[in-house]
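What follows is a single structure, written as structure tokens, with notes after it.
What follows draws every value from the coordinates through simple rules; no lab data is involved. Everything quoted here is computed from the prediction, not taken from an experiment. Please note: Cβ atoms are built from the backbone with ideal geometry, for glycine as well, and neighbour counts cover all protein chains shown.
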Amino acid sequence: MAAVSVRDVARRAGVSVGTVSNVMNHPGKVAPPTVERVQAAIVELGFIRNDAARQLRVGRSKTIGLVVLDVRNPFFTDVARGAEDEAARAGLTVTLGNSDESTDREATYLDLFEQQRVHGVLISPYSDITERLRRLRDHGIRAVLVDRTSSDLSFSSVSVDDIAGGRLAVEHLIAQGRRRIAFVGGPMAIRQVSDRLEGARQAVATNPDVSLEVIEIDALSVIAGRAAGMQLLARSDARPDGIFAANDLVAMGVLQALMMQGAGVSVPGEIALIGYDDIDFASAAVVPLSSIRQPSSLMGRTAVTILLAEADDPDIEARQVVFQPELVVRASTRG
Ligand code: RIB
């Protein structure tokens with residue numbers, strides 16, 4: 001089916017092509033009733049602005065759009081690297097977008113990738129974007145969720161069982177003799193975080209002599225982890241003897257606070273600490289960090305493989321690929 005053109009929209013709305021262009025680029029110059037008529041025509045016809053006319057002639061572009069939650073997190077750069085390697089094998093490139101855990105920025109990138117008519121979209125979603133992904137698919141652009149299973153099973157996903165990962169982390173702390181455990185993570189709106197906490201709760205539930213406190217933070221960052229660590233140091237009594245951080249960046253921040261000059265805390269002697277992701281920095285930390293490894297690069301490669309298969313055959317069955325997490329023990333919990 002030929003792509004809907006600006007001329008089609010103008011005809012449907014009963015205005016000139018120039019008016020349609022003004023509605024899209026300078027709506028303030030157009031009378032509100034006309035803006036509404038043009039926007040209604042755009043929705044009815046499913047018009048998609050296309051910034052690169054050449055791509056209309058050749059259909060989909062040779063670029064895959066990838067939206068990650070936090071481009072500063074080495075986990076996502078590893079995912080992006082795996083995706084890029086697999087895309088290059090197919091003669092495609094990857095455009096990386098950072099939603100920065102913002103619903104608006106996430107929507108902006110999805111609109112941009114639609115305008116660019118990308119070959120397909122990989123996204124680690126922050127909000128519920130199922131409806132938006134359905135509209136993308138209606139316009140011929142497939143999407144695969146990364147690091148999250150899909151609530152709508154008609155979309156494929158590649159993820160890790162984060163509940164199992166959280167359980168693994170806390171069971172390890174318990175096996176190391178820790179009984180007062182703190183979970184440091186947030187925002188809880190991020191499913192990966194809430195799933196890891198759920199796994200931690202499951203591990204504690206089968207160990208009645210173990211307590212679990214939750215220290216919620218507003219970002220999965222080194223800074224937020226450090227602030228949480230400082231908060232724990234300020235408590236002279238009832239400090240946890242084991243900390244599970246929702247990811248390695250948070251764990252690095254907690255470690256920085258605990259190892260601060262004069263803090264007088266030994267890791268793992270007084271407090272054992274485990275993170276999640278097993279990013280490269282984990283093994284290079286001042287006290288090498290135990291972590292729960294995710295096969296990040298493999299996740300990126302697998303997501304591209306699925307996306308390319310679906311782009312070639314839209315009738316192919318959607319798949320939820322779930323990898324299992326792996327415990328990596330280092331000095332921060334050993335002994
Ligand atoms: O960004 C949220 C977290 O979920 C990342 O650290 C990584 O663990 C992902 O799975």
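Each residue of the stretch 191-197 was assigned a 3J(HN,Hα) from its phi angle through the Karplus curve 6.51 cos²θ - 1.76 cosθ + 1.60 (θ = phi - 60°); the sequence is 4, 4, 5, 5, 5, 5, 5 Hz, with glycine and proline shown as x. One chain, two ends: Gln324 and Ala90. Fully extended at 0.36 nm per residue, the span grows by 81.5 nm beyond their Cα-Cα distance.
What does the C-alpha gyration tensor say about the overall shape of the stretch 136-241? Classify as rounded when a/c is under 1.5, otherwise prolate if a/b is larger than b/c, or oblate. Oblate, since a/c reaches 1.5 and b/c is not below a/b. Taking every DSSP bridge with both residues inside the stretch 184-335, close to 25 percent are antiparallel. Charged neighbours of Gly225, selected by a Cβ distance under 15 Å, balance to -2 (K, R count +1; D, E count -1).
Mean sequence separation of contacting Cα pairs (under 8 Å, at least six apart), scaled by the length of the stretch 6-49, corresponds to a relative contact order of 40 percent. Contact order for the chain, expressed relative to its length and based on alpha carbon pairs under 8 Å spaced 6+ residues apart, stands at 17 percent.
By the beta-carbon count within 10 Å of each Cβ, the least crowded to most crowded order of Ile129, Ile64, Ile215, fewest first, is Ile215, Ile129, Ile64. Restricting the GluC sites (Glu not before Pro) of the stretch 238-335 to loop positions (DSSP other than H, G, I, E, B) with no more than 16 neighbouring Cβ atoms within 10 Å leaves Glu270, Glu317. Tally the DSSP beta bridges in the chain and give the antiparallel ones as a percent, rounded to 5. Of the beta bridges lying entirely in the chain, close to 10 percent run antiparallel. Projected label points at Arg134 and Ser151, each 7 Å from Cα along the beta carbon direction, are separated by 1.2 nanometres.
Counting every other Cβ atom within 10 Å of each residue's Cβ, His139, His26 order from fewest to most as His26, His139.
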